[in-house]
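Readers should treat all values here as calculations from the given coordinates under stated rules, not as data from a laboratory. This is a predicted model, so every value here is computed, not measured. Using ideal geometry, Cβ is built from the backbone for each residue, glycine included, and neighbour counts are taken over all protein chains shown.
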């Protein structure tokens, strides 16, 4: 009978061993199970024998007393356990053995623990040290790309011409690309909202968007040119002011190396006045959609689609990053304010990633504090004031082009002209609280008189005024 008993025990132990391997039971659990098996076998034996005293081996009893369940480590984002006793060498370098247990390497020892969830991608960790001056809103990333121009008429060759009050920085960074997104920059720019930083923006959205801006073309504004180009890059920067209707400046505008446009950039039917070409279309998602909504009846249903058009994005908020990612990936937007919107309806054909540029938040903040620092940016209008997209466009051109000629911008005699050149009936120019056009008017006048730009001021004999009746 004892042979059957030990055969039963042997089979039972083999089964328990397999179960403990797959279920990852601790030694204590195995000991308890073995204890139960011995008791069961002894019970079977007691049916044919006198009840012997049941005992457990000293080794099993010791195992029950000393064996502990696997230790669980709660790892914080800074790489330390919650109790602070151990530091993980490489938080993201997880290794998994064949049975799925997580192998964690610490300074003190190696241990296995079975994870309940797959390791998820964590947000960026705060940098250990950040220079105090970088937290200032007037600290900006530098880039010497545009200082390499050899053109004598470039603004960087004549900084003394910059009007008093405008603090020109020759090596200010203008564009943003994939290398600009990292943990330290994310933490720094999180303190600035709207166009000036990344406040309340998910790291993943920024990273996904900027990952597309990964070529040398994204580091320089002008396609087909190099920073140390020969000669001068001449730019026509075209606003939408009514002063352009009847101007006859179309051919002159198209003769420039590059033509910049903004908002409802309508050219069809107005080629004689504003030209045909669009080299750069400056926009935020909001300004583009608003322009389509307001000027659709005049023929503006989508942004310019010229083969050589480059789309310059003003990153006003999260949706600009999400939209850029969707446009380049050629997919429908799946989250945020523009969820379910399809950028493919805007561009017609899939644009190459080299057709996009994005202005750096530091550059936007630099323009605000150094060039467009309106009193409306403080006090009760602080939450609503933004420089106009036209102002952003003209100053971006001034900081990148060698020669900048401005058309269609507000002038002192703006009341003589309709609000926009494409309007059939006269529309009075309206000053809104979200922009400071009076400040911009004075700035364009000063830059023109300083010789830094050439501002088209209208042709009184040809310009369309209040009495124009053309339809």
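Protection proxy ranking, highest mean first, for peptides 398-411, 139-152, 259-272: 398-411, 259-272, 139-152, where packing is the per-residue count of other beta-carbon atoms within 10 Å, averaged. Relative contact order of the range 314-459, taken over Cα pairs closer than 8 Å and 6 or more residues apart, is 18 percent. From most to least packed by mean Cβ count within 10 Å, the peptides 165-173, 205-213 give 205-213, 165-173. When the square roots of the Cα gyration tensor eigenvalues are ordered a ≥ b ≥ c, the ratio a/c for the range 135-455 is under 1.5, which makes its shape rounded. Extending 7 Å from Cα along the Cβ direction at residue 226 and again at residue 354 yields two label points whose distance is 1.5 nm. Highest mean first, the peptides 362-369, 418-425 sorted by other C-beta atoms within 10 Å per residue fall in the order 362-369, 418-425.
Computing FRET efficiency as 1/(1 + (r/R0)^6) for residue 138 and residue 416, where r is the C-beta to C-beta distance and R0 is 45 Å, gives about 0.70.
Calculated FRET efficiency, residue 192 to residue 147, Cβ-Cβ distance, R0 = 25 Å: about 0.50 to the nearest 0.05.
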